[in-house]
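Here the structure is laid out as structure tokens; the discussion comes afterwards.
The values are calculated or read from the model by the stated rules, or taken from the named source; none is laboratory data. Here the structure is a predicted model, which is why all the values come from computation and not from measurement. Methodologically, a virtual Cβ is constructed for each residue, glycine included, from the backbone with ideal geometry; neighbour enumeration extends over all protein chains shown. When the accessible area is computed, the model is the full protein with side chains, heavy atoms only, and any ligands, DNA or RNA have been set aside. Shrake-Rupley method; radii C 1.70, N 1.55, O 1.52, S 1.80 Å.
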Amino acid sequence: MALNLRQKQTNCIIRMLNLNQSPNSNGTGNEEVYKVLIFDKFCRDILSPLIHIKDLRKHGVTLYFIIDKERQTIPDVPAVYFVQPTQSNIQRIVLDASRSLYESFHLNFSSSLPRPMLEDLASGTLKTDSIQRISKVFDQYLEFVTLEDNLFSLAQPSCYVQLNDPSAGDREIDEIIDKIVSGLFCVLATLAVVPIIRCPRDGPAEMVAKALDLRLRDHLISKNNLFSEGGNLGSSFQRPVLCIFDRNFELSVGIEHDFKYRPLVHDLLGLKLNAVSVKGEKGGSRSYELDGSDLFWVANGNLEFPEVAVEIETQLGKYKKDVDEVNRRTGGHEGAEFDGTDLIGNTKHLMNAVNSLPELTERKQVIDKHTNIATVLLGEIKERSLDSYAKKENDMLTKGGIDRNELLSVLRGKGTKIDKLRFAIIYLLSSETTPQSEVEAVEAALREAEVDTCAFQYVKKIKSLNVSLASANSASKSNIVDWAEKLYGQSLNAVTAGVKNLLSSDRQLALTRTVEALMEGRPAPETESYHFFDPRSPKSSLNAVSNHLKGPFKEAIVFMIGGGNYVEYGGLQEFASRQQPAKHIIYGTTEVLTGVEFVDQLSILGQKMGYGSTVSPPSN
């Protein structure tokens, strides 16, 4: 069983565009039906990485609009709506139907439409005598954005802040957890799999795992459920393992600079929905798509930047050689003569040349694209010494520290304010204990560079609480936990533990090592205490877990609450491809964040803890 999330979500969307009928063998509708597509902004982002404008036309979509924009009446044409189930969208659909904007309305909701909203839709269209225009209503369970075959995001912003906000009440936390569970349920429904669920104890990961287990159990009771695996599902060889973590499991990965191509493009150029905008030499900007259709991106995204630069040169050399070969065969080079005695042979060469032109043109476009992107990246790297940041951060996390003079020289050297802040936070996270004098020197260097230290103060405080917690005796420990959890939400559970995980000689990410242990099903100290949930088993048998349900697993879905990144995604894909036979891992997150975006969330939490914008020394 291959879990190709991108393909399955695309198939669902194509079916939806064909009025929820299966397309024929060539991928288009069984009959030519011209239609209008209406979506909200969230569903537009779902469609954007999966389907292009020309593909929409192929499925009969001649026009498309955002739902909250004013639209003119287009009679005799069906409309396909693809929107989130929100009160404002329901009201707009009722208004559109009452104004008879379209002949018929095919309503598709990105997740399950709650009963009260369904009743509002029915009563609203009844009142306006337009209910006959509503052809069908579908729950599509597609409320997630698939960026690559094995990468998805729930596109739920600021989850890390919301879950770690000291002022967040139980109700707010429950709402966020429920939203995450709903998104994960959509992913599993699209894949049509009920996984074994594993997660660390305590914190958001456990809350999501328990709620998802309950949601799946409740759904599986119904006869017409969404999971069509069938047969004997006891074997882990037919079922994937879903490993759920939260960002505090390995905080540093969300902050550090990385020197691989894909993370660099994301971090420096703001890769979003598989597209980047690159400034040209003449001041204008150009947008490029970076997705599965770009074979260079797929093949080289996980390489270090210098290797990518070499590969671009190699591809350019091959391209020039192939062009020269075509010219030589067709007499296009200088000094070549047309051989009239071999008319058939020359015609054959010309035909081959004509046939090869589209492929050569496409190759040149890809080479030019990545040359332009690499040139911009190189400019940023040189200007900010990003290669030095990446190397020194990696050394810190591997060795557990850095020479004081080297540390301060980086903070006083090249780089943006955020580069220096990220470096300083990595220094904090790189060892369990940091000398007070060094920390003060780092703070002074940051103030000297006019860096807002809210994020630094936040991580420093959380780390000190973990140290206090570790050294407290059992009698006073519960008081510290109660006080700290009230003040700092869920963020206590792994900053120091993450440090221990990170200090490995080969610098394999803690997430990759833990997923490896969970997939192999072997006893390991780091996963010994992990929860185990099987939504298909009776609740009474939870404690008696069969060995075959603990692994080994061929496939895994790894989900990071609070923000994921291309570094973790790349690490997991490298691990999966190295295995014999190769394993299959899908990586998902509440949102894909750059280092800058994640540090912004840490800064917000620092402000909520009362640090304010501390360019001058903090008061405490």
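Summarising the amide proton neighbourhood of residue 151: residues at separation of 5 or more, or on other chains, whose placed amide H is nearer than 5 Å comprise 587.
Across the stretch 307-317, computed HN-Hα scalar couplings (Karplus, 6.51 cos²θ - 1.76 cosθ + 1.60, θ = phi - 60°) run 5, 5, 4, 5, 5, 4, 4, 4, 5, 5, x Hz from first to last residue, x flagging Gly and Pro.
Highest-first packing order for the peptide set 526-537, 215-226 is 526-537, 215-226, based on the mean count of other beta carbon atoms within 10 Å. Karplus-derived 3J(HN,Hα) values for the stretch 76-89, using 6.51 cos²θ - 1.76 cosθ + 1.60 with θ = phi - 60°, are 6, 10, x, 10, 9, 9, 10, 9, 6, x, 10, 4, 5, 5 Hz; glycine and proline are entered as x. In this label model, residue 126 and residue 22 are separated by 3.6 nm, measuring between points 7 Å along each Cα→Cβ vector. Summing charges over all other residues whose Cβ lies under 12 Å from the Cβ of residue 17, with Lys and Arg as +1 and Asp and Glu as -1, gives +3.
Straightening the chain between residue 11 and residue 32 buys 5.7 nm, computed as 0.36 nm per residue apart minus the Cα-Cα spacing. Is the C-alpha gyration tensor of the stretch 109-195 telling us rounded, prolate or oblate? Criteria: a/c under 1.5 is rounded; beyond that, a/b larger than b/c is prolate, otherwise oblate. Oblate.
Solvent-accessible surface (1.4 Å probe) assigned to residue 584 amounts to roughly 40 Å². Here the extension length gained between residue 115 and residue 304 equals 62.9 nm, from 0.36 nm per residue of separation less the Cα-Cα distance. A cut-off of 5 Å between modelled amide H atoms, ignoring neighbours fewer than 5 places along the same chain, links residue 138 with 107, 108, 109. Looking at the stretch 119-189, none of the trypsin sites (Lys or Arg not before Pro) sits in a DSSP loop with at most 16 other Cβ atoms within 10 Å of its own Cβ. Between residue 582 and residue 320, the simple spin-label model (points 7 angstrom out along Cα→Cβ) gives 3.2 nm.
Less than 5 angstrom separates the built amide H of residue 564 from those of 590, 591, 592, 593, all sequence-distant by 5 or more or on a different chain.
Among 36, 310, 137, the order of accessible area from largest down is 310, 137, 36, computed with a 1.4 Å probe on protein heavy atoms.
Give 272/392; 210/461; 382/417 a once-over and call out the pairs whose C-alpha atoms are over 23 Å from each other. Cα-Cα > 23 Å for 272/392; 210/461; rest within.
Calculated FRET efficiency, residue 403 to residue 65, Cβ-Cβ distance, R0 = 35 Å: about 0.05 to the nearest 0.05. Derived scalar couplings between HN and Hα for the stretch 157-167 equal x, 6, 4, 4, 4, 4, 7, 10, 5, x, 8 Hz in order, rounded to whole Hz, by the Karplus curve 6.51 cos²θ - 1.76 cosθ + 1.60 (θ = phi - 60°), x for Gly and Pro. Measuring only protein heavy atoms, the 1.4 Å probe finds residue 367 accessible over about 20 Å². Site pair residue 365 and residue 441 shows an inter-label distance of 5.5 nm when each label is modelled 7 Å from Cα along Cα→Cβ.
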